[in-house]
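See below for the structure under consideration.
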Amino acid sequence: MSEKTEEYYRTAVSLSSFYGGKIQVVPKVPIRSLDDFSIWYTPGVAGVSNAIAKDPDKSFELTSRWNTIAIITNGTRVLGLGNIGPEAALPVMEGKAMIFKYLGGVDAFPLVVRAKTKEELADVAERVSPAFGGINLEDIAQPDCFYLLDRLRETLDIPVWHDDQLGTAAATLAGLVNALKVVGKRLSDVKIVMLGAGAANIAGARLLIAAGADPKKIILIDSKGTLHPEREDMDKLQLVHPWKYELALKTNGERVAGGLDEAIVGADVLIAASTPGPGVVRKEHVRRMSDNAIVFAEANPVPEIWPWEAKEAGARVVATGRSDFPNQINNSLVFPAVFRGTLDVRAKKIVDEMVIEAALELARFAEERGISEDYIIPTMEEWEVYPRVATAVALKAIELGLARLKLSRDEIRERAYRMIKKSRDTLDVLVRNNLINPIPVK
Amino acid sequence: MVDSFTIRRARKDDLERLVDLVSRLKRLNGEFDSLLTPTEDLEREVSKYLESAISSDDYVVLVVEDGGKVEGVLIAKVVDRCFYKPRMVGQISDFYIMPEYRRRGLGYRMVEEAERILRSKGAEMIFAEFPTKNVIAEGFYRNLGFREITGIFAKEVK
C-alpha cells in the first residue's frame, strides 16, 4: 500500500476524532422562542399527525420524509475491507451521506443494521420505510445484495437503489455510449467481455442488455472462468446464485470456455470490475481485442491494467475508476442526481428505464462539450451535470407514470439546482461562521 | 408439435455424454443435501451403472436430443413390490435435464414417454425418487399427479 494512502488513512482517523463524526441534524424551520414549540411540537403537531393519519401520502408533504433517504448496510462487504460489520461501516455511510447532500441536496441518514440474514435485513428496510422517501443499499455482500434489491424494489413504494450495482452500471453505460460513438460502433453489434461477476458487472450486464446490447455477444468471467449454460457448477448456481445463473443461460452465445485469455479474442469492449491490479488484465489481452478497442478498468484503488499500458497495447478509449486519469467512471455522478430527480417528483420506484435515462443524460452532457478518446464522461467538477441528470430521471419517471408529482421540465430543473445550491451555501455559511471548525493545521 | 427435440432410448454411443449428465445429477443432489455428497470416483461408478443400464432389458434409459446432442436423461426400472398391489411398478431413479433446456416442457414429455414404456412393460404405478430437499423436483412431480408415499430418514453412524 502506498505512502500516500497511509497518509490519507491517518488524516481521516485524526479528523474523524477531531470532529466527532461527519454529519449532524439541523432544523430547517426557525425557532423564534420556546413558544414556537407549540407549533413544532405539542399541541400544534397533533394537527399535522391527524392530517397524515387520514392520508399517509401527506407525510411526503408535511414532513422531511420527501427529501430523506436511508443508507442501509449490514457491513458485510465494505469497500475493499470485506465483512467488517455495521459499526465499522458507519464512517463509510457517513461519507456517502455527505456526498448525497453535497452533490444532490438529499438528506441521507446512515442506517447500519446488525442483521443475521438477508431476509432480516430486507425486513428491517421494509419496516423503516415509512420514515423515508427512498432507500440506498450499500456495501452488502453478494449474492444477498441482488436478493435485497429485487425484493425491496418489489415490496416498497419508495425508490430503492443499490449503488454498488446500479451506480456503477449507469456510469459504465454512460461512458460506453460515448466511447462507442468515438470509435463508430453500435451497442447491439459489439462483443463485450465483462471481467468479474460481482455486483457491478451482474448489474452492468443486466443494464447493458436492457439498453440494447446483444446478450449472446456478452461474456462474463468470474473466478471460475466464463459463464455459459454448460458450466459444471450451473446447478449449484441455480440454487445459490440465480442471478448469475440467469446470465449464464442468456449470454456467451458461442459458449467460449476458459478465462480471459480465451474470451478476449476479438472483443470490442472490455469492462473489468474485478480484483485490483495491475496485471489482472495484461497488454497481451488488449492486443487480442478487435481494432479500436474500448477498455474500462474499474477496480479500485489500482485498475486491472494501467491506462497507459492499455493504450500502448492498442486500446483506443480507456477509462478507470480513478480521478487522476481521464474518463473516471464514478458512481457519484449518478446516485445523488438520480435521487434528486426521483425525490422531487416523488417517484414510487426507480426502474431500469430511469437508470438508463440517467446514463444517457450523462452521455449527452459530455457530448455537448465535445467527446473524444480522453473525454467520454463528465467529470465531477462539472456541477451542472447533477441538475441535468436529476431532471432527465424525473421526467422519465413522469413519462412512465411512476411520479406522484407531475412537474414541468423547468420546474424540476429549477428545484434541483436550488436544492443542490442551498446545501452548498448552507455548508458555506456554517464554515464562515465557525459553526464548523476549520480543518486544524498540523 | 414439430420442434427440434427427439426423445428416444439411449444407445451405447451416448455413454460419454450420459456419464456427464448423470454425474451432474449426483452433484446436484449433493448441493441439496450433504448426506448425498458424491464420492471421489463418481464418474467411474456412474459409467459402470450406465453401461449396465443401457444394455439391460430391465432398465429404461431415455434421452432427449436437440440437433443430435443429448441434453437430458431419465433412467427407470420395472420392479416387483411383492407385498403390495399393484406389484409391478416403474421406478424413476435418475432424471436430469441440462440447465438451458429446463422450463420448456421437456421434463413432462420425458416422464410421459417413460410412463408409456413402463406401462408396456407391465408397470401399473410409477415411483420417482429424489432428495427430500429438492423442492423443484417435488413441485414438478406433484404437477404430474404424484404424491409422497414412503419416507427415508438418515443418520450418520461412523
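The values are calculated or read from the model by the stated rules, or taken from the named source; none is laboratory data. All values reported here derive from a predicted model rather than from experimental measurement. Cβ atoms come from the backbone with ideal geometry, glycine included; neighbour counts cover every protein chain shown. Surface areas here come from the heavy atoms of the whole protein model, side chains and all, with no ligands, DNA or RNA. Shrake-Rupley method; radii C 1.70, N 1.55, O 1.52, S 1.80 Å.
Based on the mean of other beta carbon atoms within 10 Å per residue, what is the order of A:405-414, A:356-365, A:161-170, most packed first?
Details: A:405-414: 15.6, A:356-365: 23.1, A:161-170: 27.3.
Those peptides, ordered most packed to least, come out A:161-170, A:356-365, A:405-414.
Towards the positive end of the charge dipole of the protein assembly as shown, with charges on Cβ (+1 Lys, Arg; -1 Asp, Glu), say which of A:GLY204, A:PRO30, B:VAL78 has the farthest Cα.
Result: A:PRO30.
Taking every pair of alpha-carbon atoms in region A:259-417, what share in percent sits in each 5 Å bin, from 0 to the bin with the longest distance?
2, 10, 17, 17, 14, 12, 11, 8, 6, 3, 0
Using the Karplus curve 6.51 cos²θ - 1.76 cosθ + 1.60 with θ = phi - 60°, work out ³J(HN,Hα) for each residue of region A:386-395 in order, rounded to whole Hz, and write x for Gly and Pro.
5, x, 5, 5, 4, 4, 4, 5, 4, 5
For chain A, with every protein chain kept in place, what is the accessible area per residue (1.4 Å probe, Å²)?
Numbers: 20440 Å² over 442 residues.
Ligands and nucleic acids excluded, the figure is 46 Å² per residue.
Assigning unit charges at the beta carbon (Lys, Arg +1; Asp, Glu -1) and nothing else, what dipole magnitude in debye, to the nearest 20, does the protein assembly as shown show about its Cα centre?
Numbers: 83 positive and 88 negative charges, 195 e Å.
For this selection, approximately 940 debye.
Could you tell me what percent of the accessible area of the protein assembly as shown is made up of carbon and sulfur, with a 1.4 Å probe and every protein chain present?
Values: 16160 of 30220 Å².
Carbon-and-sulfur percentage of accessible area, whole number: 53.
Given contacts defined as C-alpha pairs under 8 Å and at least six residues apart, what's the relative contact order of chain B, whole-number percent?
Working: 213 pairs, mean separation 33.7, N = 158.
Worked out over chain B, it gives 21 percent.
When 1/r is averaged over all different Cα pairs and the result inverted, which Kirkwood radius in Å belongs to region B:2-143?
Working: mean 1/r = 0.0638 Å⁻¹.
Its Kirkwood hydrodynamic radius stands at 15.7 Å.
Going highest first, how would you order A:374-384, A:205-215, A:261-271 by mean Cβ packing within 10 Å?
Ranked by mean Cβ neighbours within 10 Å, highest first: A:261-271, A:205-215, A:374-384.
Which entries in A:LYS224/B:LYS48; A:LYS217/B:LYS133; A:LYS118/B:LYS26 show an alpha-carbon gap greater than 32 Å?
A:LYS217/B:LYS133
If one takes the longest principal axis of the Cα atoms in chain A, at what angle in degrees, from 0 to 90 and to the nearest 10, does the Cα axis of helix A:118-128 lie?
Once rounded, one gets 30 degrees.
Would you mind giving the mean number of other chain beta-carbons within 10 Å of the Cβ of each residue in B:30-40, as a whole number?
Details: counts 2, 7, 2, 0, 0, 0, 0, 0, 0, 0, 0.
Mean shielding count: 1.
Percent antiparallel among DSSP beta bridges with both residues in the protein assembly as shown, to the nearest 5?
Values: 27 of 61 bridges.
Taking every DSSP beta bridge within the protein assembly as shown, about 45 percent pair in antiparallel fashion.
Could you sort the peptides A:191-204, A:218-231 by per-residue average Cβ neighbour count (10 Å cutoff), highest mean leading? Write out the running numbers ahead of the final one.
Details: A:191-204: 26.3, A:218-231: 20.6.
Descending packing order for the listed peptides: A:191-204, A:218-231.
Would you mind giving the total buried accessible surface between chains B and A, with a 1.4 Å probe and ligands, DNA and RNA left out, rounded to the nearest 100 Å²? Mind showing how you got there, number by number?
Working: alone 10350 and 21020 Å², together 30220 Å².
The contact between A and B buries close to 1200 Å².
For A:LYS422, go through the lysines and keep the ones whose alpha-carbon is under 28 Å away, minus same-chain ones fewer than eight residues off.
Within reach: A:LYS22, A:LYS28, A:LYS58, A:LYS96, A:LYS101, A:LYS348, A:LYS349, A:LYS396, A:LYS406.
Given N residues in region A:326-442, what is Rg(Cα) / (2.2 N^0.38 Å)? Present the calculation step by step, with values, prior to reporting the outcome.
Working: Rg = 16.3 Å, N = 117, 2.2 N^0.38 = 13.4 Å.
In units of the globular-protein estimate, region A:326-442 measures up at 1.21.
At 222 nm, what helix-only mean residue ellipticity would chain A give, in deg cm²/dmol to the nearest 500, using -39500 (n - 2.57) for each DSSP H run of four or more?
Details: 18 runs with 204 residues, N = 442.
So the helix-based figure for chain A works out to -14000 deg cm²/dmol.
Using a basic spin-label model with each label point 7 Å from the Cα along Cα→Cβ, how many nm lie between A:LEU239 and A:THR63?
If labels sit at A:LEU239 and A:THR63, their model points lie 4.4 nm apart.
Would you mind checking which residues have amide H under 5 Å from B:MET125's amide H? H placed 1.01 Å from N; only 5 or more apart, or other chain.
Long-range HN contacts for B:MET125: B:GLY90.
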